[in-house]
Amino acid sequence: MSKSFIQTIFRTEVLSRLTYKSTYAHNFIKLDAMENPYTWPKSIKTEWLNSIKNCHINRYPDSEAKQLIAILRKANQIPISSKILLGNGSDEIIQILLMALPNKANVLSPSPGFVMYQHIALSLGLNYQSIPLQNSFELDLQAMLESIKQHQPAIIFLAYPNNPTGNLFNTQAVEQIINATTGLVIIDEAYAPFAQASFISRLPDYRNLLVMRTLSKLGLAGIRLGFIAGNNEVISQLNKIRLPYNISSLTQHTAIFCLEKPDLFKPQIRQICIDRFKVLEQLQKLKGITAFNSAANFILFKTNKNQATEIFEALKARGILIKNVSTAGGLLTDCLRVTIGKAEENKLFIESLAAIIADQKNKPLK
Ligand SMILES: *Cc1c(COP(=O)(O)O)cnc(C)c1O
């Protein structure tokens, strides 16, 4: 009875989606969600709290967020010819982009990739094509070009660096894709703070190129702020369907406060990058583990056959939460993803992983 009631109300595309699950956990060593593990010096926290007094929370926020956009433009060296749109996280920007497409439009992205592209596209009733990456996690350019020819996607998403593989795609392959399609190409640079590469300076070269970034991985996942930059005409259309007050006063205020202090996150990011190499080295030394290079703040690694879920659960039982991506199959079979945390958290992760692997060896084969 209640089932058919629900079915009469919602689209089949919504009914057939699964709820996106994230773990909101404080009692774990949390290495699952690419968060910056560091907090702020006490003096900065106090300064921030004091400054919030000037926020007029009885009023609506500036719907154009002019001051914030100007600071973001400067901090990210967005060319003056490109316009900027803000989202409540870049997840919301993905939703805005996809909501603006014609019914049944095609959306293309390589796999494995960021799950939100597919999740939102399918929930909106769009068609979604995913093209497997090569074993090296590099783009399969020929297959991408063929799919572009066949399906003429309205939007192509390329995460650069890619999540969950951590690599930067070949620049020329990306350029060929931008040139080959009549649709939009979204370069998702969520991990820009940790990568020495970007397409931002190329924005003026292509009318169909957009670059999206977020403050989440930098150290502000809680305030929910992402942005996308590109062609004025494209951004203007997207702006029509952006909810007018999608960026709260507290978010605008906090982002401005932080971006005016470039030294707030810089040392933290530098430390995370140093520790990324340490964790990679230590993972590579573990028998039965293959760890992949990363230009982001996480590392993907492969376990022995059919061990990933067991290792994930054993880490969890020891209070360490990482991400079990093995269930997605394909290139992610037997793979787990770990976010770089504080030095002591990384150490505990490596030690626990080593102990778990040693334990498994002593157990009879199942
Ligand atoms: C984390 C992530 C995002 C989402 O970031 P929010 O701004 O927090 O919504 C977008 N793209 C990729 C590739 C990510 O990994």
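The values are calculated or read from the model by the stated rules, or taken from the named source; none is laboratory data. Since we're looking at a predicted model, the values are computed, not measured. Every residue, glycine among them, receives a Cβ derived from its backbone with ideal geometry; neighbour counts consider all protein chains shown. Quick note on the areas: whole protein, heavy atoms, side chains included, nothing else; ligands and nucleic acids left out. Shrake-Rupley method; radii C 1.70, N 1.55, O 1.52, S 1.80 Å.
At an R0 of 22 angstrom, the distance between the Cβ atoms of ALA358 and ASN293 translates into a FRET efficiency of 0.30.
Less than 5 angstrom separates the built amide H of ASN36 from those of GLY219, ALA221, all sequence-distant by 5 or more or on a different chain. Computed from backbone phi, the HN-Hα couplings of the stretch 248-255 come to 5, 4, 5, 5, 4, 4, 5, 5 Hz, rounded to whole numbers (Karplus: 6.51 cos²θ - 1.76 cosθ + 1.60, θ = phi - 60°; Gly and Pro given as x).
If the segment from LEU250 to THR46 were pulled out straight at 0.36 nm per residue, it would be longer than the present Cα-Cα gap by 71.9 nm.
Highest mobility in the GNM of the chain, judged by mean-square fluctuation with C-alpha springs under 10 Å and restricted to ILE356, ILE29, ILE96, is found for ILE356. In the chain, the sites counted are chymotrypsin sites (Phe, Trp or Tyr not before Pro) in DSSP loop states with at most 11 other Cβ atoms within 10 Å, and the longest stretch holding none of them, exclusive of the sites, is 25-366. Here the gap between CYS55 and LYS278, fully extended at 0.36 nm per residue and compared with their Cα-Cα distance, gives a gain of 76.1 nm. Listed by chain and number, the aspartates and glutamates placed with their C-alpha closer than 15 angstrom to that of LYS363 are GLU310; residues fewer than eight positions away on the same chain are left out.
Ellipticity at 222 nm from helices only: DSSP H runs of n ≥ 4 in the chain, each -39500 (n - 2.57), divided by the residue count, give -12000 deg cm²/dmol. Structure remark: mean-square fluctuation, Gaussian network model of the chain, C-alpha springs under 10 Å; the largest value among ALA190, ALA221, ALA296 belongs to ALA221.
Here is the size of the stretch 8-114 from its Cα atoms: Rg then Dmax, 19.6, 56 Å. Computed on protein heavy atoms with a 1.4 Å probe, the accessible areas place SER248, SER51 in the order SER248, SER51, largest first. For the chain, the solvent-accessible area with a 1.4 angstrom probe is 51 square angstrom per residue. To put it simply, the accessible area of the stretch 218-366 at a 1.4 Å probe is 55 percent carbon and sulfur. Here the chain carries DSSP beta bridges of which approximately 50% are antiparallel, counting only pairs with both residues inside. The distance from the alpha carbon centre of the stretch 292-319 to that of the stretch 92-157 is 27 Å, rounded to a whole number. Under the criterion of Cα pairs below 8 Å and six or more residues apart, the relative contact order for the chain equals 22 percent. Evaluate E = 1/(1 + (r/R0)^6) for ALA173 and ASN239, where r is the Cβ-Cβ distance and R0 equals 35 Å; express this FRET efficiency to the nearest 0.05. Approximately 0.70, to the nearest 0.05.
Computed from label points 7 Å out along Cα-Cβ, the spacing between PHE257 and ASN304 is 5.1 nm. Taking a straight Cα-Cα cut-off under 19 Å and skipping sequence neighbours fewer than 8 places away in the same chain, the aspartates and glutamates within cross-link reach of LYS278 are ASP32, GLU35, GLU344, GLU345, GLU351. Say we join alpha carbon atoms closer than 10 Å with springs in a Gaussian network model of the chain; which of LYS278, LYS342, LYS66 then has the biggest fluctuation? Looking only at LYS278, LYS342, LYS66, the biggest GNM fluctuation is shown by LYS66.
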